[in-house]
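J.: This is the structure, below, for whatever I ask next.
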Amino acid sequence: MIYTNFREIDKAGRIVISKDIRRHLNIQAGDVLQINADDECITIRKAEEKCVFCNSLENLTAFEGRHICAECLEKLKTR
């Protein structure tokens with residue numbers, strides 16, 4: 001199923017993603033979205049792999065079904 005919405009960008013540059021689309025993609029408050037742009041198109045997708053502590057998307061290590069970035073992993077090692 002394809003979901004199509006038309007939304008106006010507000011003065012702060014924000015758009016609202018409809019409840020139907022959020023439900024379909026299982027997007028919750030606090031989830032990280034990856035936004036890509038080329039010459040003619042903006043793509044927004046849910047970023048599945050993110051650090052459970054800081055939401056970083058870089059230098060991730062998987063641990064028991066979750067991801068931890070290198071910086072947070074180092075912090076955990078020193079505790």
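The values are calculated or read from the model by the stated rules, or taken from the named source; none is laboratory data. None of the values given here were measured: they were computed from a predicted structure. As a convention, Cβ positions derive from the backbone with ideal geometry for all residues, glycine included, and neighbour counts pool all protein chains shown. For accessibility, only protein heavy atoms count, side chains too; no ligands or nucleic acids. Shrake-Rupley method; radii C 1.70, N 1.55, O 1.52, S 1.80 Å.
J.: Counting only helical runs of four or more DSSP H residues, what would the 222 nm mean residue ellipticity of the chain come to if each run contributes -39,500 (n - 2.57) and the total is spread over all its residues?
T.: Theoretical 222 nm ellipticity from helices: -5000 deg cm²/dmol.
J.: Another one. Counting only residues 5 or more places away or on other chains, whose amide H sits under 5 Å from the amide H of H67 once H atoms are built in the peptide plane?
T.: Under 5 Å from the amide H of H67 lie the amide H atoms of K50, V52, each far enough along the sequence or on another chain.
J.: Would you mind getting me the FRET efficiency between I2 and R66? Use the beta-carbon distance for r and R0 = 30 Å, nearest 0.05.
T.: Result of the calculation: an efficiency of 0.45.
J.: For the stretch 14-79, state the semi-axes of the equivalent ellipsoid (square roots of 5 times the eigenvalues of the alpha-carbon gyration tensor), sorted largest first and rounded to whole angstrom.
T.: After diagonalising the Cα gyration tensor, the semi-axes are 28, 15, 10 Å.
J.: Still on this structure, please answer the following. Go through the stretch 34-47 residue by residue and turn each phi into a ³J(HN,Hα) via Karplus (6.51, -1.76, 1.60, θ = phi - 60°); whole Hz please, and just put x for glycine and proline.
T.: Running phi through 6.51 cos²θ - 1.76 cosθ + 1.60 with θ = phi - 60° gives 9, 10, 10, 9, 10, 5, 10, 9, 10, 10, 10, 9, 6, 8 Hz.
J.: What does the charge count around Q28 come to, taking other residues whose C-beta lies under 14 Å from its C-beta (Lys +1, Arg +1, Asp -1, Glu -1)? Don't jump to the answer; show the numbers that get you there.
T.: Numbers: positive: K19, R22, R23, K46, K50; negative: D31, E48.
Surrounding charge for Q28 is +3.
J.: Return the subset of K11/K46; K11/K75; K19/K77 for which the Cα-Cα distance in this structure is over 29 Å, preserving the input order. Let's see the in-between values first.
T.: Working: K11/K46 24 Å; K11/K75 39 Å; K19/K77 40 Å.
Over 29 Å Cα-Cα: K11/K75; K19/K77.
J.: On to the next question. Report the accessible area of R7, computed with a 1.4 Å probe over the heavy atoms of all protein chains in place, in Å² rounded to the nearest 10.
T.: Here the residue's solvent-accessible area equals roughly 120 Å².
J.: Something else about it: Where Lys and Arg each count +1 and Asp and Glu each count -1, what net charge lies around L57 among other residues with Cβ under 11 Å from its Cβ?
T.: -2
J.: Ranked highest first by average number of other Cβ atoms within 10 Å, how do 54-61, 39-46 line up? Each step should come with its number before you reach the end.
T.: Details: 54-61: 13.5, 39-46: 9.1.
Going by the mean number of other Cβ atoms within 10 Å, highest first, we get 54-61, 39-46.
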